[in-house]
Amino acid sequence: MERVEERVDLERMLDWYRRMVLVRRFEEQTERSFRRGKIGGYLHVYIGQEAVATGFLDAIREDDIFFASYRDHAHALLRGTDPRAVMAELYGKVTGVAKGKGGSMHLVDVARGFYGGYGIVGGHLPLAVGAAYALRYQGTDRICLCFFGDGAVNSGAFHEAANLAGLWGKEGMCPVVFVIENNQYGMGTSVERASAVPNLARRFDAYAIPNERCDGMDVVAVYEVARRVVEEVRRTGRPYGVEAVTYRFSGHGAADLFQSYRTKEEVERWRQRDPILLLEQQLREWGVLDDARKAEIHAWAEGLVEEAVAFAEQSPEPPPEELYTDVYGADP
Amino acid sequence: MTYREAIRSTLVEEMDRDPTVLLLGEDIGIYGGTFRITEGLLSRYGPRRVVDTPISELGFIGAAIGMAMLGLRPVVEVMTWNFSLPAADQILQNAAKVRYFTGGQVRAPLVIRGPNGAGVQLSAQHSQSLESFYGHFPGLKVVAPATPADAKGLLRAAIRGEDPVIFLEHAALYGIKGEVPDGDYTVPFGRAAVVRPGRHVTVVSYSRMLHLALSAAQRLSGEGIECEVIDLRSLRPLDMETVAASVRRTHRAVVVQEQWRLYGAAAEISAQIYERCFDDLDAPVERVTGEDVPAPYARNLELRAFPDEEKIVEAVRRVIA
């Protein structure tokens, strides 16, 4: 087998590093802003899980689409949504991606194929299956990614969506990739305490959906699986399930302060495999990243985040009349 | 044309007109539809456009919402509205709200249709009327046609509209006949119809109850009491202008619904009549509703559990007295 640096373009890997650092800095900032009362509601950050969305979203085409759970900031940023508009949404400003009407859990960017973050665990899986059907119905070879957490696999929505996908896939009518972002905990309940069969990828066996697990801390591994799976799904119109085994370093949400359900040692152990650190080590080994370049990248990311915060701070709130818009469309 | 034919022919016309219209539901294809609405459509349009689904409402209604987000126009049949409850999360949390929480970027214009209500001895789990349940949620439109003409016109408007529509049919109405206008007409949402003019009392109703209200009005006419019967047709949006204009003339109102009294549609309609017409009223608004119990099976009990012509006649007499 060729070595990794021969299989994957190093420039591309450096770009992953940039994006993952941007996501990390952005998420750290959202936690600070939340504590300062600038961001309201719930706040679920992607710190620790960056490799998963990075690898998958870089493996799809510009005209492909995706759905996400409420832990969705990274997905928007990685797809190229303006960090300023993302931060402004979190700040509840009219310049946000949803005019400040959705907040952290409902980021969206249809122009980039992002059909939204959804707030009910498992609730968006059937949407992604139907969307995938529509892509084939319309005669395209576009595909749909559906990101969701380990908690979702025990919801009825998962099983009903997977069954339909399996059925429609037999007709080549369901090009969806289910991406389980297994961060080990549904809020405070571990996979072992929530799932009778903790190998979550195997859930797909029951629905004639090919599946595999991958190391969700290693962006190269994620990307290689994603690229292969996406091309297969595009070619066959059949669904595929990938369980990316990862970890969240932050609490479930910003209110999850004490994390009585896990030990510091466990978190520390996973931090040894911090996806950004792993990638950094590889890039240094291959000589494409040194201290100077790293500093440059971090400064760039921090600059973007600062700019996003300034933009969000200075942006106006939604005007009162926005309360009443976007409830219904125009009458026929 | 029967109510059933009105719905079926509209599906055919819309599917012929617009290739993005497709049907999903349990046993709508090979079986031909529980109420034979979709009979023959599978062979006419093929399995990609007439999709037989497993018994999996959450899944296929959710999937239909996803299809709508991508630009298709799904029309989902629920075998009865009772079976929509496992999919309530999809309908209420996704279809109704996605336009709002995405600031207008994502929309879900789909139609979910099927029989609603009671009266054919289906007992507790299969006899519910869910109009106020769905009518509570902004982002949905809720219609309940009582006639073949309205079934056609409202279904056309629903399929061509930009919003998720809860289309409530009634099993007891599929066989009724009525005149249906020629041509490509639609019945706009939120416009009630005065189906029988009268000067003594306004009787407000919709769906199957409309027909009971009309027969009660016929009977009362023999006693010299002239009811103005209003068919709401649409519960959300709700045309209170037409109702209020009538009550201002008659000074009396009776609201008839099949569903339970507590928090039912008639409660909302009555409240709005008081808000708009308090000074015009000569008597308290009367509500004729289902009894506050799960639907029973035994025919004699079922008949007692739901409004009938007699109960409407009595209510009218009370407001006139």
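The values are calculated or read from the model by the stated rules, or taken from the named source; none is laboratory data. All values derive from a computational prediction rather than experimental measurement. With ideal geometry, Cβ positions are generated from the backbone for all residues, glycine too; neighbour counts draw on all protein chains shown.
The figures follow:
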{"read-out": "Residue count, the range B:1-23 (criterion: hydrophobic (A, V, I, L, M, F, W, C) and more than 19 Å from B:R48 (Cα to Cα))", "value": "3"}
{"read-out": "Only listed residue being crowded, with 21+ Cβ neighbours inside 10 Å and among the aliphatic types (A, V, I, L, M), chosen from B:V120, B:V111", "value": "B:V111"}
{"read-out": "Test: residue in the range B:3-12 that is within 14 Å of chain A (Cβ to nearest Cβ) and modelled with pLDDT of 95 or more", "value": "yes"}
{"read-out": "Flag if B:L238 is within 14 Å of another protein chain (Cβ to nearest Cβ) and under 30 Å from B:A321 (Cα atoms)", "value": "yes"}
{"read-out": "Residue in the range B:135-148 that is over 26 Å from B:S9 (Cβ atoms), in a helix (DSSP H, G or I), of a type outside the set (V, I, T) and more than 10 Å from every other protein chain (Cβ to nearest Cβ) present", "value": "yes"}
{"read-out": "Filter result for B:G114 (out of contact with any His (no Cβ under 6 Å at 6 or more places or on another chain) and assigned to a loop (DSSP other than H, G, I, E, B))", "value": "no"}
{"read-out": "Meets criteria (in contact (Cβ under 8 Å) with a residue 24 or more places away in the chain, more than 26 Å from B:L92 (Cα to Cα), facing chain B (nearest Cβ under 9 Å) and among the aliphatic types (A, V, I, L, M)) for A:M173", "value": "yes"}
{"read-out": "Within the range A:59-75, considering residues that are in a loop (DSSP other than H, G, I, E, B) and touching a helix residue (DSSP H, G or I) at 6+ places or on another chain (Cβ under 6 Å), the one farthest from the other protein chains (Cβ to nearest Cβ)", "value": "A:A59"}
{"read-out": "Single residue of the range B:169-190 satisfying the filter (over 13 Å from the mean Cα position of the chain (by Cα) and within 14 Å of another protein chain (Cβ to nearest Cβ)) that is farthest from B:M209 (Cα to Cα)", "value": "B:D184"}
{"read-out": "A:G139, sole failed condition from (1) within 23 Å of B:V76 (Cα to Cα); (2) not acidic (D, E); (3) not in a loop (DSSP other than H, G, I, E, B)", "value": "(3)"}
{"read-out": "Residue under evaluation B:R48, criteria (1) closer than 18 Å to B:V142 by Cβ; (2) within 9 Å of chain A (Cβ to nearest Cβ), criterion not met", "value": "(1)"}
{"read-out": "Residue in the range A:85-97 that is surrounded by the fewest Cβ atoms within 10 Å (Cβ to Cβ), counting only those that are more than 18 Å from the chain's Cα centre (by Cα) and more than 8 Å from chain B (Cβ to nearest Cβ)", "value": "A:V94"}
{"read-out": "Count of the range A:98-142 residues which are more than 8 Å from chain B (Cβ to nearest Cβ), under 20 Å from A:V153 (Cα atoms) and of a type in the set (V, I, T)", "value": "1"}
{"read-out": "Listing of strands (runs of 3 or more DSSP E) fully contained in the range B:202-260 that carry 3 or more residues being crowded, with 24+ Cβ neighbours inside 10 Å, at pLDDT 95 or above and basic (K, R)", "value": "none"}
{"read-out": "Per-region count, the range B:81-96, residues of a type outside the set (A, V, I, L, M), within 11 Å of chain A (Cβ to nearest Cβ) and surrounded by fewer than 24 Cβ atoms within 10 Å (Cβ to Cβ)", "value": "3"}
{"read-out": "Hits in the range A:158-167 - residues which are surrounded by 24 or more Cβ atoms within 10 Å (Cβ to Cβ) and either facing chain B (nearest Cβ under 7 Å) or not hydrophobic (A, V, I, L, M, F, W, C) (or both)", "value": "A:E160, A:A161, A:L164"}
{"read-out": "Boolean, B:I166 is within 14 Å of chain A (Cβ to nearest Cβ), surrounded by 20 or more Cβ atoms within 10 Å (Cβ to Cβ) and under 27 Å from B:A295 (Cβ atoms)", "value": "yes"}
{"read-out": "Residues that are more than 26 Å from the chain's Cα centre (by Cα) and either under 21 Å from A:R12 (Cβ atoms) or exposed (fewer than 13 other Cβ atoms within 10 Å of the Cβ) (or both), drawn from the range A:305-332", "value": "A:Q314, A:P316, A:E317, A:P319, A:P320, A:E321, A:L323, A:Y324, A:A330"}
{"read-out": "Failed criterion for A:D205 (all others in (1) within 14 Å of chain B (Cβ to nearest Cβ); (2) over 21 Å from A:V219 (Cα atoms) hold)", "value": "(1)"}
{"read-out": "Filtered residues of the range A:286-304 (kept if surrounded by 11 or more Cβ atoms within 10 Å (Cβ to Cβ) and either at pLDDT below 95 or touching a Ser or Thr at 6+ places or on another chain (Cβ under 9 Å) (or both))", "value": "A:W286, A:V288"}
{"read-out": "Single residue of the range B:22-45 satisfying the filter (of a type in the set (D, E) and more than 14 Å from chain A (Cβ to nearest Cβ)) that is farthest from B:D89 (Cα to Cα)", "value": "B:E39"}
{"read-out": "Scope the range B:149-162; condition of a type in the set (A, V, I, L, M) and either within 14 Å of chain A (Cβ to nearest Cβ) or under 16 Å from B:A265 (Cβ atoms) (or both); matching residues", "value": "B:L154, B:L155, B:A157, B:A158, B:I159"}
{"read-out": "Those residues of the range A:163-187 which are within 24 Å of A:Y223 (Cβ to Cβ) and either more than 17 Å from the chain's Cα centre (by Cα) or in a loop (DSSP other than H, G, I, E, B) (or both), in sequence order", "value": "A:A165, A:G169, A:C174, A:P175, A:N183, A:Q184"}
{"read-out": "Members of the range A:294-328 found to be within 13 Å of chain B (Cβ to nearest Cβ) and touching a helix residue (DSSP H, G or I) at 6+ places or on another chain (Cβ under 7 Å), listed by number", "value": "A:D326, A:V327"}
{"read-out": "Unique residue being closer than 26 Å to B:I30 by Cα, touching a residue at least 24 places away in the same chain (Cβ under 8 Å) and assigned by TED's automatic domain parsing to the domain that holds B:I7 when the list is B:I61, B:I91", "value": "B:I61"}
{"read-out": "Residue in the range A:241-257 that is away from chain B (no Cβ under 14 Å), farther than 30 Å from A:R136 by Cβ and loosely packed, with under 15 Cβ neighbours inside 10 Å present", "value": "yes"}
